[in-house]
Structure formats: C-alpha cells, structure tokens
Amino acid sequence: MDRRSISEEYTEISKQLIEEMPELALLRAADITIVYLRSEHRKKAKGKIVKAQVEKVGEKYKWGIPADFTVTVFEPNCEGMNSEQMKILLFHELLHIGQINGTWTTVPHDLEDFKLIINKYGTDWDLAEEQKLERQRGAEMKQKL
Ligand SMILES: [Zn+2]
C-alpha cells in the first residue's frame, strides 16, 4: 500500500543538495515548498521499478498538503543503495522540478539531465553493489561468447 509519511532524512539531504548543487540554483531562489516523503510501496510503472517520484500538488489538494511539490522515495525499491546513491537519487528527482513559461511544474527528462547524471556518476549510479557485480558478470559473459 502506498502510504506515505514525511521523511526528515530526505528533507535534510535535499536541502543540502539545493544549497550545494549549481544545477539546482533555480530551486534555491524559488518561492516554492517541497515536501519529502517515504513510502513502503514497491511502485512499478510500465513494468519498471520506480525508485522515487516527483509530483506537483494540485490546487485542489493544497488545503491538506502545504506544498507545491512532493518527492516520494519508494524505499523497498531502493534496498541496498548506499547513502551516496540515495543522494544522487534525490538530486535526480529535484532536477524534475522546473519552470515552463514561468509556471513551476514537473519537467520530463531531457537528454541534458541524463548526460549530467551519467557524466557525474556513471550509468550504474542507482544499482546496489550486488546488482553492479551482476551487470559486470553479464558483460564479461557476453565478451566470452
Ligand atoms: Zn527521473
């Protein structure tokens, strides 16, 4: 069940990221509120595991959610990730908050975002150590075949 609660931990990490990362300068200056949540839900979308998600809070929900955006981490899907990887995950999610024609909204991945993350952290940034080894082994097998 996708029951969510506020995470002090993700709030702290994200505030630090917004302070430090040049790519998030827009958020630093912004007059928006972001609430950071954790969920026990093993979310999937289109057959893929979803580790985290940004959502814009609709006007009709603002009576109950004092925020413009929520960032939710689906913790069972992040099992085995270390604190550095969790930081990158939150960084990645924060890159999804942007402006289109002066309105704050969620922005889809553009190629630049991907490049940024991959250049900084490589393609395996979100994999647990075990999964990295598996991927490596897979690649080595292919080379042998
Ligand atoms: Zn994303």
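Just so you know, all these numbers are worked out from the coordinates, no wet-lab data involved. These figures come from a predicted structure and were not determined experimentally. Heads up, the Cβs are rebuilt from the backbone with ideal geometry, glycines too, and the neighbour counts pull from every protein chain shown.
Is the C-alpha gyration tensor of the stretch 14-92 telling us rounded, prolate or oblate? Criteria: a/c under 1.5 is rounded; beyond that, a/b larger than b/c is prolate, otherwise oblate. Verdict is oblate for the stretch 14-92.
Counting Lys +1, Arg +1, Asp -1, Glu -1, what net charge surrounds F74 among other residues with beta carbon under 10 Å of its beta carbon? Net of charged neighbours comes to +3.
At full extension, I100 and K43 could sit 17.8 nm farther apart than now, given 0.36 nm per residue minus the alpha carbon distance. Rounded to 0.05, the FRET efficiency of the K144 and M21 pair, given R0 = 41 Å and the Cβ-Cβ distance, is 0.50. Among the trypsin sites (Lys or Arg not before Pro) in the stretch 18-96, those located in a DSSP loop and surrounded by at most 14 other Cβ atoms within 10 Å of their own Cβ are R42, K46, K62. Sorted from greatest to least, the principal axis extents spanned by the alpha carbons of the stretch 15-61 come out as 36, 29, 19 Å. Centroid-to-centroid, using Cα positions, the stretch 64-116 and the stretch 1-48 are 6 Å apart.
Applying a DSSP loop filter and a limit of 10 other Cβ atoms within 10 Å to the chymotrypsin sites (Phe, Trp or Tyr not before Pro) in the stretch 1-97 leaves W63. Each Lys and Arg Cβ is given +1 and each Asp and Glu Cβ -1; about its Cα centre, the chain then shows a dipole of about 620 debye.
DSSP assigns beta bridges within the stretch 4-109; of those with both partners inside it, close to 70 percent run antiparallel. Translational diffusion coefficient of the chain (Stokes-Einstein, Kirkwood radius from Cα pairs, 37 °C, 0.692 mPa s): 198 µm²/s. Of D31, D68, D126, the residue with the greatest mean-square motion in the GNM of the chain, using alpha carbon springs below 10 Å, is D31.
When you filter the GluC sites (Glu not before Pro) in the stretch 60-145 for DSSP loop state and at most 12 other Cβ atoms inside 10 Å of their Cβ, you are left with E79.
Here the gap between M1 and H109, fully extended at 0.36 nm per residue and compared with their Cα-Cα distance, gives a gain of 36.2 nm.
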